[in-house]
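No value in this document is a laboratory result; all are computed from the given coordinates. Only a predicted model underlies this, so the values are computations on that prediction, with no experimental measurement involved. Cβ coordinates were reconstructed from backbone atoms using ideal geometry, including for glycine residues, and neighbour counts include every protein chain displayed.
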Amino acid sequence: MTPSSDHSSLITLKQWLTRVYVRSGMIQLLMIEALLLSVVLTAFFILNQSHIVEAHKDQEQQMIQALQSKTDWISAQLQHVQGSLNILRNQAIRQTMTGALTDEITPIVSSRHGVLMKPRKDEGVSVYYSVMSAYPDLRESEIRRWLPLSDVMTDIQRSNPLVQQVYLNTSDSLNLSYPFVDVNQQFLPDLDVTEFSFYYLAAEQYNPGRNPVWTDAYLDPAGKGWVISHIAPVYKGERLEAVVGVDLTIQGLINELFSTPQQWPGYGILVGQNGNILALPPEGEEDLGLTELSDRQLSFRNVNVNQFRPSQFNLYKRADLTELSRLVAHQQAGLAQISLNEPSIVAWNTVPGTGWKLLAVTREVNLYANAIRFSEHLFDIMTVVVGMNLMVFSLYSFSQYVKAKKMSRYMMGPLDYFREVIKNSGHDEGLLLNSPVLEIHQTAQLIQELASENAVLQESLNKEKNQARQQDSYFRNVLNSIPLPVFDTDKEFRLKGCNQAFERFFGRSESELKHHLVSEYIPVAPPAHGVSQQNLTLTNAEGSGRKVNLILIRHSSTHARSATHPAVIGLLIDLSEQYQEHDQVRFDRDRAIEASQLQTEYLQAMRREIEQPLQDIRSLAERISHHPEHAESILHQLYEKVETVNLLAKDSWLNAPAIADKEQELRSERPDIESGLSGFNVLVVDDGPVNTMLARSVLQKVGYDVDVAFSGAEALDMMQRKRYQVVLMDIFMPDMDGIETTRLWRQSEIRLQRTPAAIIALTANVIESERQQFFDAGMNEYLAKPYHPSELRDRVDYWRSQYASGSIEV
């Protein structure tokens, strides 16, 4: 059914609401109820305020009395500590007198740093005598003079649970303390105890009256954590002989003070004379934003300077408690309101004899609980009164129930109609719109039209989504079927998608790579249009560099829907294996050329070596024909020359002892060889016999002692048995190359404490970056193959002079 087009009998929504509510008389009833409730609430408020004032005064007075009781308990405990210290002080004064007993039994030992100490055998009192002593020869007698105090110190510590440590310190840095402390682990050898507050505060400068004094909180060098000390000077005449003291740990003070529930509904804080917080329970830490300091925050291992608590632990220095700190500092006792995590009440009192302040802190809601409960009771009564008024109003409202029900039908009927029309995409399906309101009928017509249009748009949108999902699935299957890494981007060159090969190459999933700029992974700019191609070196997921050919294709379509297509498609072609094969072919070619050139040098050197023995053989043959009477002697010489030629022709002539002897004989016959080279050792490290033969032949002719190693391992073994001044190191060798051999060589030199040898790299066709690797490994110079013999001799001569002058740097 469609809404009626005849609107003459309809009224507006505003007219209808006015008839239902304004004419009902509800306004007058509401005004009367409001006036009555105002009178009742005012009376309750005055009564509540009067009771709160009296209850607060009573609760505050009880809190002050409980604080006074706790203060008296603390004073008694501290007087007990002071009395114990006075006993120790008097006993120490007796020990300064002539004829006092000494301890000759307790073993005293010296640490490896020179500190005198007592070994850890009987626990008991620990002994520490610093190496800073002005009288080192008198240290042991001084220790034995004070050791009789051990029993008194032990009794004092055991008799009072607050006392954590009892000690005696002298101006010569002697320390006796109980319980036992491992001084070798805890104290530095040169610790000066006079620099700490637990000594100098008792000295004449700070304590001219020579009275016992309390220190502020500090970090104990003996490892007890944060402590406060009660100390007293021990004088012999006008000389300060020692300072005795007892330590109370902050944690122990907290445990003793706050182990039992407080007599007020809160917690306590103990503050020193200078404002430092001495004891603070966990509730106070939370309110003041502090955490009790421990060894996890400030290490007390090897403390050698005064370490006091940070400024945030000083009540008088906190900017957030300025008013409270002013009152506490200048008044012996009092009470104030402050705001911590919640509104709170603070009362304080002064501990006699110390100047310490004990603060009682409680939240207002806890202290004034009775007053709050009374207020809540009044609120309950007020609630009953309000409820009765509401009952009266409800009885009157019941008479309006029928009208309200009719209003509900008028309002809910059209709403149900609208909901069904929208659900049915604009069709009312025979539904009846029962409402006398003109605007509701107009709204129904608009909803029908909008619902019909929405159904058409929704159907079109669903078709578009299905097509997009099909295209995306087809494109993704095509990408994953390609074995090469492929990716696509948007017009900003941000990654939209990639195939599985691309994910494997970079070791990341598509979801991790999406929306990142491609240039973050591939250092390249996208082409303006068309196709671009370039070669790059990229690091893959395994961390190895791969040479790739990158092909980028940018779409240039002007189709209206081209914005949904990827702006750039990229393809990576891995060329690393082709480059490796190319480099291997080039390396093999260079090695073949090198071997050929060195072989030529070898044959030339061999010819020169054999030439002279052959001439000698020819001369000896002629002498036999001219002097047959000397044939036997000449034949013997001829036999030696033939043996020389035979050995020179063998591949292993470099290692033959006979050749070495022959070379020594030839060297002695040639006066032109430099006699100054004797004893200068050169090692040739090369896996090619031709290379080693040439180098050895060239250097031995000028007088050098030359040895040969055919591998890196053999070279390292030879250097353990013989010192070499110059090493010719081939780079490319099997098993261990020249770079690794050089590193191990340099390490062995350091271990054996030898003067560094000059190491010359021998190889061919190496780029500049690879040469830098030689120097980084510890080589001194690079000589390219093939080299001229004179060039090799010149470089060895140069490094011989550098070695002799001690100028070789590694």
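Across region 109-184, the mean sequence separation of Cα contacts (distance under 8 Å, 6 or more residues apart), normalised by length, yields a relative contact order of 36 percent.
Calculated FRET efficiency, ILE46 and GLN68, Cβ-Cβ r, R0 45 Å, to nearest 0.05?
0.80
The coefficient of translational diffusion for region 688-752, derived via Stokes-Einstein from the alpha carbon Kirkwood radius under 10 °C and 1.306 mPa s, stands at 126 µm²/s. Loop-located GluC sites (Glu not before Pro) across region 434-521 with a Cβ neighbour count of 14 or fewer within 10 Å are GLU492, with loop assigned by DSSP.
Relative contact order of region 483-574, taken over Cα pairs closer than 8 Å and 6 or more residues apart, is 33 percent.
With a Förster radius of 60 Å applied to the C-beta separation of LYS514 and GLU140, the computed FRET efficiency comes to 0.15.
Translational diffusion of region 158-222, estimated by Stokes-Einstein from the Kirkwood radius over alpha carbon pairs at 37 °C in a medium of 0.692 mPa s, is 247 µm² per second. Phi angles of region 349-354 translate, via the Karplus equation with coefficients 6.51, -1.76, 1.60 and θ = phi - 60°, into HN-Hα couplings of 8, 9, 7, x, x, 10 Hz per residue; Gly and Pro are given as x. Region 46-117: which GluC sites (Glu not before Pro) are DSSP loop and have at most 15 other beta-carbon atoms within 10 angstrom? Answer in residue order: GLU104. Maximal additional length on extending the GLN578-HIS80 stretch stands at 170.2 nm, based on 0.36 nm per residue less the C-alpha distance.
Relative contact order for region 96-249 using alpha-carbon pairs under 8 Å, separation at least 6, rounded to a whole percent?
Details: 294 pairs, mean separation 32.8, N = 154.
In percent, rounded to a whole number, it is 21.
Between TYR235 and HIS330, what's the calculated FRET efficiency when r is the beta-carbon distance and R0 is 45 Å? Round to 0.05. The pair TYR235/HIS330 has a calculated efficiency of 0.80. Taking a quarter of the surface of the Cα convex hull of region 483-574 gives a mean projected area of 5.7 nm². Using 0.36 nm per residue and subtracting the Cα-Cα separation, the extra length available between ASP717 and HIS529 on full extension is 61.3 nm. Label separation (MET132 vs ARG112): 2.4 nm, computed from points 7 Å beyond Cα along the C-beta direction. Residues in region 521-530 carry Karplus couplings, in order, of 10, 10, x, 8, 9, x, x, 5, 6, x Hz; the curve used is 6.51 cos²θ - 1.76 cosθ + 1.60 with θ = phi - 60°, and Gly or Pro positions show x.
Counting every C-alpha pair in region 96-249, the share spaced more than 18 angstrom apart comes to 56%. Using 0.36 nm per residue and subtracting the Cα-Cα separation, the extra length available between GLU542 and GLN273 on full extension is 90.3 nm. From the cross-link list LYS70/LYS118; LYS463/LYS491; LYS496/LYS547; LYS491/LYS547; LYS70/LYS236; LYS463/LYS514, which pairs have alpha carbons spaced over 30 Å apart? Where the Cα-Cα span goes over 30 Å, the pairs concerned are LYS70/LYS118; LYS70/LYS236.
Taken about its Cα centre, region 96-249 carries a charge dipole of roughly 180 debye when the Cβ of each Lys and Arg holds +1 and the Cβ of each Asp and Glu holds -1.
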